[in-house]
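Below is one structure; the comments refer to it alone.
The values are calculated or read from the model by the stated rules, or taken from the named source; none is laboratory data. Everything quoted here is computed from the prediction, not taken from an experiment. Cβ: placed from backbone, ideal geometry, glycine included. Neighbour counts: every protein chain shown. The protein model used for the area step is the full one, side chains on, heavy atoms only, and it has no ligands, DNA or RNA in it. Shrake-Rupley method; radii C 1.70, N 1.55, O 1.52, S 1.80 Å.
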Amino acid sequence: MKQGDTYRHQGLRKQLVQLLEEKGIEKPEVLNAIEAVPRHLFFFDSAFIKQAYEDSAFPIGSGQTISQPYTVAYQSTLLDLRPRMKVLEIGTGSGYQAAVLHELGAKVYSIERQKSLYHQTKPLLEKLGYNRVKCFYGDGFEGLPTFAPFDRIIITAAAPEIPSKLVEQLAVGGKFVLPLDEKGYQRMLRITKLEDGSLETEEFEKFAFVPMLRGKQE
């Protein structure tokens, strides 16, 4: 049990997992990961901690949010992860999604453009023992070419387009999950890079995310 996590919190997570099952999340590994991660420890504003195990998004500062658990579970399911895969995450935020990916066995490379969030989240993930998550301060549209290729890529903000540099950094056979902006809402996509380099695109549900912005924010 992580410091600051209690049996009460664990009980609330079990209830959250039951709710996610009712909403259609079926993959046992994803449900187990959601149950394992103490979401309340990723809230930077104590005013919202009591709502940590509601299926809702909440502000974390810098105009960003901690994603709704259903959204985290949904994207994690679409990634179809296997242990030891390299995952590039665009939008570290509070680190909650990265922690879930860690619980799924991934080696996570996560980029955050907001310097204040980066400086809060990086030490938090280290403190909580998520040692397979490597945090970077940078522009998500640029990715991390030094560490490419990645088996999986996930964007946790509303992408205005499919970033070409990220597609280049996706391994052959790899999958890329992102919410693509469609005038006020986002359509969740899963893109698979085929052997010949072409892309296969699947469309899923509509979601609402904060926008994915270019550059870095001091």
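Total residues in region 132-159 satisfying the condition of being more than 10 Å from Glu89 (Cα to Cα), small (Gly, Ala, Ser) and in contact with a Pro (Cβ under 9 Å, 6 or more places away or on another chain): the figure is 3.
On inspection, Leu88 qualifies as within 15 Å of Ile153 (Cβ to Cβ), in contact with a Gly (Cβ under 7 Å, 6 or more places away or on another chain) and modelled with pLDDT of 95 or more.
Taking region 72-118 as the range and being in contact with a helix residue (DSSP H, G or I) (Cβ under 6 Å, 6 or more places away or on another chain) and in a strand (DSSP E or B) as the test, the residues that pass are Val87, Glu89, Val108, Tyr109, Ser110, Glu112. Can you work out which of the residues in region 195-207 that are free of Cβ contacts under 8 Å to residues at least 60 places away in the same chain, over 21 Å from Leu144 (Cα atoms) and in contact with a strand residue (DSSP E or B) (Cβ under 7 Å, 6 or more places away or on another chain) is most open to solvent (accessible area, probe 1.4 Å)? Among residues in region 195-207 that are free of Cβ contacts under 8 Å to residues at least 60 places away in the same chain, over 21 Å from Leu144 (Cα atoms) and in contact with a strand residue (DSSP E or B) (Cβ under 7 Å, 6 or more places away or on another chain), the one most open to solvent (accessible area, probe 1.4 Å) is Glu195. Take region 119-156 and flag every residue that is of a type in the set (A, V, I, L, M, F, W, C) and in a loop (DSSP other than H, G, I, E, B). Within region 119-156, Leu128, Phe141, Leu144, Ala148 qualify.
Can you work out which of the residues in region 157-187 that are farther than 25 Å from Phe147 by Cβ and not in a loop (DSSP other than H, G, I, E, B) is most open to solvent (accessible area, probe 1.4 Å)? Out of the qualifying residues, it is Asp181. For region 67-89, a residue qualifies if it is open to solvent by 10 Å² or more (accessible area, probe 1.4 Å) and not hydroxyl-bearing (Ser, Thr, Tyr), and the qualifying residues are Gln68, Leu78, Asp80, Leu81, Arg82, Pro83, Arg84, Met85, Lys86.
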